[in-house]
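The values are calculated or read from the model by the stated rules, or taken from the named source; none is laboratory data. All figures in this text were calculated on a predicted structure; none of them were measured in a lab. Note that each Cβ is placed from the backbone with ideal geometry, even for glycine, and that neighbours are counted across all protein chains shown. The protein model used for the area step is the full one, side chains on, heavy atoms only, and it has no ligands, DNA or RNA in it. Shrake-Rupley method; radii C 1.70, N 1.55, O 1.52, S 1.80 Å.
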Amino acid sequence: MIIITNQKKLLFAVRALEKIISRNVSLPILNSILIKTENGRVKLAATNLEVGINYWIGARIEENGEIAIPARIFSDFLSNITDENVTLKVQKNVVSINSDHYKTQILGMETKDFPIIPKILKNSPFKINSLTLKNALMNVFDSIAISETRPELSGIYINIVNNRAEFAATDSFRLSEKIIELKDGVSGSFILPRNTAVEIMRLMESLDEDVNFVVSENQILIFGEDFEIISRLIDGHYPEYKRVIPDKFISLVRINKSDFEKNVRMASIFSSTISDIKLKAGKDLMEITAKNSERGEIVANVACEIKNKPFEISVNYHYLLDGLKILPTENVVLEFTGDGSPLVLKGENLKDQTYVIMPLRN
């Protein structure tokens, strides 16, 4: 194989792939990136056996071929050269990489042991803008359960119905939902693994284009002009999470998000081992308190507007801050739904995003 290609484009593709590669002692081939000429372009591929990524770049191909090259060494080398173009030449598993100022050789591996990344037919895809997709995933990501005691909660539930996609995640302590509109009239639901969501968000970081989704029985294909992500899906039945979201409230508070967040962080310094803070909503002020037998205590006040009766509730401040982080509005709304019932956070006049926190017992 002999190819000449742009250094920046090659490095971008390598960085997109190397994130899914973890050091694997038992299968060294998984530590590598497959480079292969294909249909007039150069294909780069990597997999960790759960997620596979294919990426294509343009190149001048003087001789076809393929090689598996250690990802970390390849990436570190490309990151430190500034020449516009690089030439890759493969002879007997040795990759010679030459540019105007550098000549190097990296020992590669035969590709016969490289795992086959499944192919999914690109039938009946539905489209989502890359930035919209990244935003939707980020909005619910923190609520994914880290423990896999209940595997169905260790991913993001995506339900497509009536030309919209509902993204949801819960760890049983808090719940996030984000709804986006779609152009396509497809329908269906699936659970996207946490690690796959991470890779999708990384790839969407620098894109602004429509990406396509194709869902098979237990796998998903996400593809754009130059890339493909193939991943397994989580098998299982996602809980009826909408039942957890209250449809009525007893009291409602409107509060400036920045001031509220600042004072929650201040109160968190004095929270106990269960990370609890107390919110006490009055006529014009939200009182935020925390007490720690070893550190001391705090009372912070933030101006607010309340509808209906005053209330108080104890919550985990980590969950509260995670919810505030994803709401993009200047003011936020807190809906109190009763003692022992969930606290609902929403952006002011924002109907496509909901965040629910289960209260702590006093």
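Quick one: pull the percentage of alpha-carbon pairs in the range 161-254 with a separation above 23 Å. Don't skip to the answer; put the middle values down first.
Working: 1525 of 4371 pairs.
Percentage above 23 Å: 35.
For the chain, count the residues as N, evaluate 2.2 N^0.38 Å, and divide the Cα radius of gyration by that value, please. It would help to have the intermediate numbers written out before the result.
On the way: Rg = 24.9 Å, N = 362, 2.2 N^0.38 = 20.6 Å.
Against the compact-globule rule of thumb, the ratio is 1.21.
Could you tally the net charge around ILE3, taking each other residue with its Cβ under 13 Å from the Cβ of ILE3, Lys/Arg +1 and Asp/Glu -1? Display every interim value, and only then the final one.
Values: positive: LYS9, LYS36, ARG41, LYS43, ARG60, LYS89; negative: GLU38, GLU62, GLU63, GLU66.
Result for the neighbourhood of ILE3: +2.
What residues have an amide H closer than 5 Å to that of PHE126, excluding those fewer than 5 places away on the same chain, when H is modeled at 1.01 Å from N in the peptide plane?
Amide H to amide H, under 5 Å and 5 or more residues apart or across chains, PHE126 pairs with PHE213.
Just going by the charge dipole of the chain, with Lys and Arg at +1 and Asp and Glu at -1 on Cβ, which of ILE220, LEU133, GLY323 is farthest out on the positive end?
Selected residue: GLY323.
Can you bin the range 302-362 into rounded, prolate or oblate? Criterion: square roots of the alpha carbon gyration tensor eigenvalues sorted a ≥ b ≥ c, rounded for a/c under 1.5, prolate for a/b above b/c, oblate for the rest. Intermediate values should be presented prior to the final figure.
Working: a/c = 1.70, a/b = 1.25, b/c = 1.35.
It comes out oblate by the Cα gyration axes.
Report, in deg cm²/dmol and to the nearest 500, the calculated mean residue ellipticity at 222 nm for the chain, where each DSSP H run with n ≥ 4 adds -39500 (n - 2.57) and the sum is divided by the residue count.
Numbers: 6 runs with 66 residues, N = 362.
Helix-only estimate at 222 nm: -5500 deg cm²/dmol.
Are there trypsin sites (Lys or Arg not before Pro) in the range 327-361 that DSSP marks as loop and that have at most 16 other Cβ atoms within 10 Å, and which are they?
Working: sites: LYS346, LYS351, ARG361; in loops: LYS351, ARG361.
Answer by residue number: LYS351, ARG361.
Please determine, in degrees from 0 to 90 and to the nearest 10, the orientation of helix 130-141 with respect to the longest principal axis defined by the Cα atoms of the chain, where the helix direction is its Cα long axis.
50 degrees
Which of rounded, prolate, oblate describes the range 146-216, given a ≥ b ≥ c as roots of the alpha-carbon gyration tensor eigenvalues and a/c under 1.5 marking rounded, otherwise prolate only if a/b is larger than b/c? Mind dumping the intermediate values first?
Details: a/c = 1.89, a/b = 1.33, b/c = 1.42.
Oblate, since a/c reaches 1.5 and b/c is not below a/b.
Rg and Dmax of the range 1-117 over Cα atoms: what are they, in angstrom?
Cα-based Rg and Dmax for the range 1-117 come out at 13.0, 39 Å.
Ratio of the range 57-167's C-alpha Rg to 2.2 N^0.38 Å, to two decimals? Walk me through the intermediate numbers first.
On the way: Rg = 21.2 Å, N = 111, 2.2 N^0.38 = 13.2 Å.
That ratio works out to 1.61.
Roughly how tilted is helix 257-268, in degrees to the nearest 10 and between 0 and 90, from the longest Cα axis of the chain?
80 degrees
Counting only protein heavy atoms and using a 1.4 Å probe, what share of the accessible area of the chain belongs to carbon plus sulfur, as a whole percent?
Working: 8650 of 18670 Å².
With neighbouring chains kept in place, the figure for the chain is 46 percent.
Taking a probe of 1.4 Å, how large is the accessible area per residue of the chain, in Å²? Before the final figure, lay out the partial values.
Values: 18670 Å² over 362 residues.
Per residue, the chain has 52 Å² of solvent-accessible surface.
Measure nothing fancy, just the Cα-based angle from helix 317-326's long axis to the longest principal axis of the chain, in degrees from 0 to 90, nearest 10.
It works out to around 60 degrees.
Each residue of the range 151-163 in order: what ³J(HN,Hα) in whole Hz does its phi give by Karplus 6.51 cos²θ - 1.76 cosθ + 1.60, θ = phi - 60°, with x for Gly and Pro?
The phi angles translate into x, 5, 8, 8, x, 9, 7, 10, 10, 10, 7, 6, 6 Hz.
Could you check the spin-label model distance between GLU312 and GLU84? Points 7 Å from the Cα along Cα→Cβ, value in nm.
7.0 nm
How charged is the neighbourhood of GLU287? Take every other residue with its Cβ under 10 Å from the Cβ of GLU287, and add Lys/Arg as +1 and Asp/Glu as -1.
Details: positive: LYS278, LYS280; negative: GLU312.
Once all neighbours under 10 Å are counted, the net charge is +1.
First select every other residue whose beta carbon is under 14 angstrom from the beta carbon of PHE126; then total the charges, Lys and Arg +1, Asp and Glu -1. Display every interim value, and only then the final one.
Numbers: positive: LYS122, LYS127, ARG164, LYS183; negative: GLU166, GLU181, ASP184, ASP210.
Around PHE126, the charge tally is 0.
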